[in-house]
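Take a look at the structure below.
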Amino acid sequence: MNSKKDTKKSDNKKKNKKSYSFTKFLKVTIVILLLIIFIASSLALGTAYAWIKSAEPLDYDEIFNLNQTTYIVDKNDRVIDKLHANENRTTVTLDQIPKGLQDAFIAIEDKRFYDHNGIDPKRMVGSLIEDIRQKKLAHGASTITQQLIKNVFLTRDKIWKRKVIEIYYAMQLERQFTKEQILEAYLNTIALGHNVAGVKEASLYYFGKELKDLTLAESAIIAGITRYPSAYSPYLNYDNAMKRKDLILSEMLEQNMILKSEY
């Protein structure tokens with residue numbers, strides 16, 4: 001009888017010893033992991049700070065004073081020719097851009113545009129998770145403000161340094177200017193294929209119309225081009241352009257920008 005009790009006590013001691021050892025191992029592992037995370041975070045923050053310190057000051061004139069297309073007209077004000085450099089652009093004020101066209105860009109490019117301060121943390125986390133899953137920087141999380149910065153100042157290379165500086169610039173821009181000013185600049189700078197820049201010239205190039213005469217569907221087509229102009233230009237890939245247009249209209253409906261009857 002005593003032998004059985006002694007054996008049971010011995011087994012319990014072994015179990016307790018194993019449990020203690022495992023708990024100790026787990027605690028040590030957690031401490032090491034936290035230490036690694038802390039060191040890695042410190043290094044990342046230090047690197048990001050160095051990149052930001054090395055960034056050139058923002059030149060706001062480059063954003064708000066853009067080169068434009070020159071129109072040559074006859075004595076009756078009929079256009080007989082246009083002169084432009086690499087980009088065919090005519091700037092317009094935000095009140096000259098139909099609300100439907102503004103909303104089409106916001107719906108597909110940055111649905112929380114009016115709520116964030118230049119960056120969209122929710123979208124960034126989702127994009128980061130997807131990038132890690134695919135093991136490459138493939139999914140954009142840029143807000144309209146970030147895209148404006150990228151279009152004017154920075155290269156399109158997806159490298160960490162550019163992204164950090166882009167975020168820094170975007171937050172600066174949001175502190176200096178209103179959402180309306182930023183959206184206006186964006187809609188005047190965005191590349192829309194075939195050397196066309198900005199919505200004014202895009203409206204003329206694709207539909208032969210002034211902005212005020214665009215239909216909702218035409219507005220959605222223009223907004224859809226910006227992601228990949230070569231893939232979504234209705235001249236180059238009509239079917240892709242129509243699918244993209246349908247997606248944008250459905251997003252506008254879901255975000256309560258248009259009525260079901262308009263959709």
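The values are calculated or read from the model by the stated rules, or taken from the named source; none is laboratory data. Note that the structure is a prediction, hence the values are computed from the model and not measured. Virtual Cβ from ideal backbone geometry, glycine too; neighbours counted across all protein chains shown. We work out accessible area using only protein heavy atoms, side chains counted, and drop any ligands, DNA or RNA first. Shrake-Rupley method; radii C 1.70, N 1.55, O 1.52, S 1.80 Å.
When each of the peptides 216-224, 192-200, 246-254 is scored by the mean number of other C-beta atoms lying within 10 Å of its residues, the order from highest to lowest reads 216-224, 192-200, 246-254. Counting 0.36 nm for each residue step from THR178 to TYR228 and taking away their Cα separation leaves a gain of 15.3 nm. Across the accessible surface of segment 196-241, with the other protein chains kept in place and a 1.4 Å probe, carbon and sulfur atoms take up 50 percent. For segment 140-202, what does the alpha-carbon gyration tensor say about shape, rounded, prolate or oblate, given a ≥ b ≥ c as the root eigenvalues, a/c under 1.5 as rounded, and a/b over b/c as prolate? Oblate, since a/c reaches 1.5 and b/c is not below a/b.
Between MET124 and LEU236, the contour length at 0.36 nm per residue exceeds the alpha carbon distance by 37.2 nm.
Oblate is the label for segment 207-263. Its Cα gyration tensor axes, ordered a ≥ b ≥ c, give a/c of at least 1.5 and b/c at or above a/b. Restricting segment 207-253 to trypsin sites (Lys or Arg not before Pro) that sit in a DSSP loop and have at most 15 other Cβ atoms within 10 Å of their own Cβ leaves LYS209, ARG227.
Pairs to check: LYS111/LYS150; LYS163/LYS209; LYS161/LYS200; LYS111/LYS260; LYS99/LYS161. Give those whose C-alpha atoms are more than 28 Å from each other in this structure.
LYS163/LYS209; LYS161/LYS200; LYS99/LYS161
The distance between label points at ARG112 and LEU58 comes to 2.0 nm (points 7 Å beyond Cα on the Cα→Cβ vector). Modelled this way, with points 7 Å down the Cα-to-C-beta line, the labels at THR215 and GLU262 are 1.6 nm from one another.
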